[in-house]
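Student: Quick one: the structure is below, questions incoming.
The values are calculated or read from the model by the stated rules, or taken from the named source; none is laboratory data. Note that the coordinates shown come from a computational prediction; the quantities given were computed from them, not determined experimentally. Note that we place each Cβ from the backbone using ideal geometry, even for glycine, and neighbour counts take in every protein chain shown.
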Amino acid sequence: MAPSTTKQWTVQGKDGFESLKWDEKAPVPSLGERDVLVKFHAASLNFRDLAIPKGRYPFPTREGVVPGSDGSGVVEAVGSNVTRFKISSLTSNPDKVATLFNQGHLAGSLSPASIGTGLGAIIDGALREYGAFDEQGLVHIPSNLDFAEASTLPCAALTAWNALYGLKPLKPGQTVLTQGTGGVSIFAIQFAKAAGARVIATTSSSEKADLLKKLGADHVINYKENPNWGEQAQSLSPGGLGVDHVVEVGGPTTLKQSLVAVKIDGVISIIGFIGGFSKDQPSFLDCLNNLCTVRGLLVGSRELFEEMNAAIEANDIHPIVDKKRFALPELKDAYEYMFDQKHFGKLVIKIAE
């Protein structure tokens, strides 16, 4: 039986990481008839988590929200009308679950209503010991993953999957361009290689280039050594025609080169803005001039999540997790570690054994 209190973090203000507040005796949420109580074992961090307490997140947030969109754990209790999950104490094989980033995005396109259901921004998230969620906002985790690995899926993995399969599904033999060594980019490499596609990756260091090659990247471009990396990516594609998919995480500072690299009728999926902002950025006419599709996306639906999990199981894909692990009370240190870009792959917070 779950305790009556839970340890958790909340975001109070927008003064940077000092806005993160620790509470050792927050009340465990009560359950509605369709709610599920999750005992979290692990959570993972995203760039978004760092942006929210700094006041740099472009979507709505709520004062006092429990941060963290990504978590995994076991079902501890269920409401009277829950049908999708079982209580862990009633079976030797408890339901292991992960959170859905936008709790209202079950299938198809986002809506104004579902955009407002983001965990860790509007709805209380995963950086706590226990959390209650509508049963529709959870998925079963892939059977080949442990809790730490599964906690990395809700945002970065699903975003990468949506980029490659959400609009114009990737086909074997096509070419994918990724940027850097963050979670989304690494998942995109893994998914692309599992699909029989080529991968051209960019990075800023020879050390990270070696790691990208070990993950399966066919070509790695150092963008610091070659500012015109878009031209090089295009030249490395079959026939020099350009790449079919660009997983665009840099934003305004990298989009110009992505437009150079992309193939006619290719897709650029704009996912983030980790490169910062720039007044000198392409316009919509550049999309016309390059005859490509440029789309913004916000993670993905539960339907896509479940399709992705099936592919992860079938191909025995394992997320790349940073070697360093932080305990839940050490969250501020974890934020600083990630902000300083000391991580490789996904950074996981250990919550329970």
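Student: Look at VAL184 and say whether it is surrounded by 21 or more Cβ atoms within 10 Å (Cβ to Cβ), under 30 Å from GLY240 (Cβ atoms) and either among the hydrophobic types (A, V, I, L, M, F, W, C) or not assigned by TED's automatic domain parsing to the domain that holds ARG34 (or both). Don't jump to the end; show me each part of the working.
Tutor: Values: surrounded by 21 or more Cβ atoms within 10 Å (Cβ to Cβ): yes; under 30 Å from GLY240 (Cβ atoms): yes; either among the hydrophobic types (A, V, I, L, M, F, W, C) or not assigned by TED's automatic domain parsing to the domain that holds ARG34 (or both): yes.
So VAL184 fits the description; yes.
Student: Quick check on ALA352: is it more than 24 Å from ILE270 (Cα to Cα), of a type in the set (Gly, Ala, Ser) and touching a residue at least 60 places away in the same chain (Cβ under 8 Å)? Talk me through it step by step, then tell me what you get.
Tutor: Details: more than 24 Å from ILE270 (Cα to Cα): yes; of a type in the set (Gly, Ala, Ser): yes; touching a residue at least 60 places away in the same chain (Cβ under 8 Å): yes.
So ALA352 fits the description; yes.
Student: Go through the residues of the stretch 264-280 one by one and say whether even a single one is at pLDDT 95 or above, part of a helix (DSSP H, G or I) and in contact with a helix residue (DSSP H, G or I) (Cβ under 8 Å, 6 or more places away or on another chain). Walk me through it before giving the result.
Tutor: First, the residues of the stretch 264-280 that are at pLDDT 95 or above: 264-269.
Subsequent filtering for residues that are part of a helix (DSSP H, G or I) retains none.
Within the stretch 264-280, none of the residues are at pLDDT 95 or above, part of a helix (DSSP H, G or I) and in contact with a helix residue (DSSP H, G or I) (Cβ under 8 Å, 6 or more places away or on another chain).
Student: Conditions: (1) in contact (Cβ under 8 Å) with a residue 40 or more places away in the chain; (2) surrounded by fewer than 19 Cβ atoms within 10 Å (Cβ to Cβ). LYS96 meets all but one. Number of the miss?
Tutor: So LYS96 meets the others, but not (2).
Table: residues versus (1) among the polar types (S, T, N, Q); (2) closer than 18 Å to HIS318 by Cα.
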position	(1), (2)
THR83	yes, no
ASP146	no, yes
LEU177	no, no
GLY182	no, yes
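Student: Does ASP49 satisfy the condition of being assigned to a strand (DSSP E or B) and among the charged types (D, E, K, R)?
Tutor: Working: assigned to a strand (DSSP E or B): no; among the charged types (D, E, K, R): yes.
No.
Student: Output yes when any residue across the stretch 57-64 is touching a residue at least 12 places away in the same chain (Cβ under 8 Å), within 20 Å of GLY120 (Cβ to Cβ) and buried (at least 20 other Cβ atoms within 10 Å of the Cβ), and no when none is.
Tutor: Within the stretch 57-64, none of the residues are touching a residue at least 12 places away in the same chain (Cβ under 8 Å), within 20 Å of GLY120 (Cβ to Cβ) and buried (at least 20 other Cβ atoms within 10 Å of the Cβ).
Student: Another question, if that's okay. So which pairs qualify, if the first residue must be in the stretch 225-247 and more than 18 Å from ILE270 (Cα to Cα), the second must be of a type in the set (Ser, Thr, Tyr), the Cβ gap must be under 6 Å, and the two must be at least 6 apart or on different chains?
Tutor: Hits for this filter: SER237/THR175.
Student: Kindly establish whether THR175 is out of contact with any Cys (no Cβ under 9 Å at 6 or more places or on another chain), assigned by TED's automatic domain parsing to the domain that holds SER258 and closer than 26 Å to TYR223 by Cα. Show your work before the answer.
Tutor: Numbers: out of contact with any Cys (no Cβ under 9 Å at 6 or more places or on another chain): yes; assigned by TED's automatic domain parsing to the domain that holds SER258: yes; closer than 26 Å to TYR223 by Cα: yes.
Criteria met by THR175.
Student: Quickly run through the stretch 55-67 and pick out the residues that are at pLDDT 95 or above and in contact with a helix residue (DSSP H, G or I) (Cβ under 6 Å, 6 or more places away or on another chain).
Tutor: The answer is PRO67, and nothing else.
Student: For the stretch 97-118, state whether one or more residues are within 29 Å of LYS214 (Cβ to Cβ), in the same structural domain as ILE320 (by TED's automatic domain parsing) and part of a strand (DSSP E or B). Spell out how you get there, then give the answer.
Tutor: First, pick out the residues of the stretch 97-118 that are within 29 Å of LYS214 (Cβ to Cβ): 98, 101.
Okay, now just the ones that are also in the same structural domain as ILE320 (by TED's automatic domain parsing), so 98, 101.
Add one more test, that the residue is part of a strand (DSSP E or B), and what stays is 98.
Within the stretch 97-118, one or more residues are within 29 Å of LYS214 (Cβ to Cβ), in the same structural domain as ILE320 (by TED's automatic domain parsing) and part of a strand (DSSP E or B).
Student: Based on this model, can you work out whether THR152 counts as in contact with a Pro (Cβ under 7 Å, 6 or more places away or on another chain), buried (at least 24 other Cβ atoms within 10 Å of the Cβ) and of a type outside the set (Asp, Glu)?
Tutor: For THR152, the condition - in contact with a Pro (Cβ under 7 Å, 6 or more places away or on another chain), buried (at least 24 other Cβ atoms within 10 Å of the Cβ) and of a type outside the set (Asp, Glu) - is met.
Student: Please work out which residue is nearest to the chain's Cα centre (by Cα), limiting yourself to the stretch 328-353 and to residues that are surrounded by fewer than 20 Cβ atoms within 10 Å (Cβ to Cβ) and under 23 Å from VAL75 (Cβ atoms).
Tutor: Among those residues, the one meeting the criterion is LYS350.
Student: Okay, moving on. Do any helices (runs of 4 or more DSSP H) lying entirely in the stretch 284-339 carry at least 2 residues that are in contact (Cβ under 8 Å) with a residue 60 or more places away in the chain, outside the structural domain of GLY250 (by TED's automatic domain parsing) and under 16 Å from SER151 (Cα atoms), and which ones are they? Spell out the reasoning first.
Tutor: Values: elements: 284-290, 302-315, 331-339.
In the stretch 284-339, the matching helices (runs of 4 or more DSSP H) lie at 302-315, 331-339.
Student: Looking only at the stretch 173-183, count how many residues are more than 19 Å from ALA261 (Cα to Cα) and in contact with a Gly (Cβ under 7 Å, 6 or more places away or on another chain).
Tutor: 1
Student: Still on this structure, I have one more. Residues in the stretch 128-136: is at least one in a helix (DSSP H, G or I) and either assigned by TED's automatic domain parsing to the domain that holds GLU306 or in contact (Cβ under 8 Å) with a residue 40 or more places away in the chain (or both)?
Tutor: From the stretch 128-136, those in a helix (DSSP H, G or I) are 135-136; that's our starting set.
Keeping just the survivors that are either assigned by TED's automatic domain parsing to the domain that holds GLU306 or in contact (Cβ under 8 Å) with a residue 40 or more places away in the chain (or both) gives 135-136.
Within the stretch 128-136, one or more residues are in a helix (DSSP H, G or I) and either assigned by TED's automatic domain parsing to the domain that holds GLU306 or in contact (Cβ under 8 Å) with a residue 40 or more places away in the chain (or both).
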